[in-house]
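Colleague: Before I ask anything, here is the structure I am working with.
The values are calculated or read from the model by the stated rules, or taken from the named source; none is laboratory data. Quick caveat, the model's predicted, so the values are computed rather than measured. Here Cβ is always computed from backbone atoms with ideal geometry, including for glycine, and neighbour counts include all displayed protein chains.
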């Protein structure tokens, strides 16, 4: 197995099969590698080789974005994925923190940089004729660059920032190679396949579960912008046989009206993480494909994968060394005990933080952030910040982030299991559960719901539904129910609960409230 992304790409340099697709354009692998090498030559002429050769990319999924990533691999420099949804000082601080010498952008995003202190980074607009002429005139040779080593940093990828400021994860070539080879082998991806990547290429999911698969296998990489309404049309247009996802895309697609010919498409496999059990099952049935959902963070230190016998509600079996620990006692939590209704009876003691007991795993640390790195590696173990519990067979169930551990009327509650229960209702497309301050002590439980297109839900129907869920604790009935058109989210479709918490009940959306000691919901 080739052990760097550079080696992956160079093995396709003489191949004339499709390598890159975007809308109506197609580049062969020969042309894709050559165009990317030309850009690497240009970039290396712009930088100071005595400083870290870091090239930022502030773009959505475009051919230039895909070529910038390949240019980093071929040229042996570090590509920095800049989150295209960041704004103002947050955006500028990401560029500065990552020591970007050059920042590649385009017409759509260059205006975001006006007046920002980028730490001296040279801004290049790749939509300008000057850049295109220079790229056309640059050499396409691939033999003038340093040979990349296995553990060299391939990219700096910022965390999604759902629980604080984003941090730049150092993603080694090894991790990309391992992911690409594993997934391509698992799903039998070959040069005849098309990898459809509509998740943002500045995020780890798109790189590890999309880009890496195409680079390893020689399949064509189709880069696109995610759209739930045009999903099936895109899959057909590109001939997509494999796609990656993260967050809520499956739910977004399922919320669109069904078509009688939905199954008439080339898609074989959808691989990603954070989909609900219901969405996995319904997406597979509706579009006639396999959906394989796993779990892994940008840091890739905690990895969990589903098996054929994974029970409902579980995200699967952890890799060796991954466990659930109590951060205060530094001891492994006891396994969850379920009653006859499927309710966990020892939630207080069973819920803990997902850790890698062997250390950093594949995590190479945060760039120029020793404190955040040491916090993650507290006591020689990697602490993920994700809450979970395990059953007696070792299967893992998510309970949310550490901020999702709620104290309601003297009882500890975890947000994720409640969200899974709410998603059983056919009218509900998305559910976010979070705490708002109780006027006395602790939290009051609130949920924000997004309904499927054309679906309706009344307070009485919601109350009846909750009453029928035998594994729902009486204290887990939301006090406040917000019916929203959409939920605030990151570029990778993760709900920003901190924004929901900050808004609390101060919203123009429909809001239902139940009495503190009863189960009757009424509109505010």
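Colleague: Tell me the residue from 136, 184 that is at pLDDT 95 or above, more than 30 Å from residue 231 (Cβ to Cβ), in the same structural domain as residue 39 (by TED's automatic domain parsing) and assigned to a helix (DSSP H, G or I), please.
Modeller: 136
Colleague: Looking only at the stretch 13-33, count every residue that is under 21 Å from residue 173 (Cβ atoms) and crowded, with 21+ Cβ neighbours inside 10 Å and tell me the total.
Modeller: Matching residues across the stretch 13-33 total 5.
Colleague: Could you tell me whether any residue of the stretch 52-61 is without any contact (Cβ under 8 Å) to a residue 60 or more places away in the chain, surrounded by fewer than 23 Cβ atoms within 10 Å (Cβ to Cβ) and closer than 19 Å to residue 172 by Cα?
Modeller: Yes, the stretch 52-61 contains at least one residue that is without any contact (Cβ under 8 Å) to a residue 60 or more places away in the chain, surrounded by fewer than 23 Cβ atoms within 10 Å (Cβ to Cβ) and closer than 19 Å to residue 172 by Cα.
Colleague: All but one of (1) assigned to a helix (DSSP H, G or I); (2) in contact (Cβ under 8 Å) with a residue 24 or more places away in the chain; (3) more than 19 Å from residue 209 (Cβ to Cβ) hold for residue 237; state the number of the condition that does not hold.
Modeller: Result: residue 237 fails condition (2) only.
Colleague: Would you say residue 295 is closer than 19 Å to residue 405 by Cβ and touching a residue at least 40 places away in the same chain (Cβ under 8 Å)?
Modeller: In short, yes.
Colleague: Can you name the condition, by its number, that residue 257 falls short on among (1) modelled with pLDDT under 95; (2) in the same structural domain as residue 192 (by TED's automatic domain parsing); (3) within 20 Å of the chain's Cα centre (by Cα)?
Modeller: So residue 257 meets the others, but not (3).
Colleague: Would you point out which residue out of 111, 119 is surrounded by fewer than 16 Cβ atoms within 10 Å (Cβ to Cβ), at pLDDT 95 or above and touching a helix residue (DSSP H, G or I) at 6+ places or on another chain (Cβ under 6 Å)?
Modeller: Only one candidate passes the filter, namely 119.
Colleague: Just to be sure, is residue 218 closer than 29 Å to residue 80 by Cβ, within 21 Å of the chain's Cα centre (by Cα) and outside the structural domain of residue 432 (by TED's automatic domain parsing)?
Modeller: Answer is no for this residue.
Colleague: Can you name the strands (runs of 3 or more DSSP E) wholly within the stretch 441-524 that have at least 3 residues being in contact with a helix residue (DSSP H, G or I) (Cβ under 8 Å, 6 or more places away or on another chain)?
Modeller: 443-451, 521-523
Colleague: Still on this model: Just one of 323, 350, 336 is under 22 Å from the mean Cα position of the chain (by Cα), at pLDDT 90 or above and farther than 30 Å from residue 260 by Cα; which is it?
Modeller: Only one candidate passes the filter, namely 323.
Colleague: Residues in the stretch 139-173 that are part of a loop (DSSP other than H, G, I, E, B) and more than 18 Å from the chain's Cα centre (by Cα): how many?
Modeller: Number satisfying all stated conditions: 14.
Colleague: If you go through the stretch 98-126, how many residues are assigned to a loop (DSSP other than H, G, I, E, B) and in contact (Cβ under 8 Å) with a residue 60 or more places away in the chain?
Modeller: So the answer is 4.
Colleague: Which of the residues that make up the stretch 187-216 are part of a helix (DSSP H, G or I) and at pLDDT 95 or above?
Modeller: Within the stretch 187-216, 206, 207, 208, 209, 210, 211, 212, 213, 214, 215, 216 meet the criteria.
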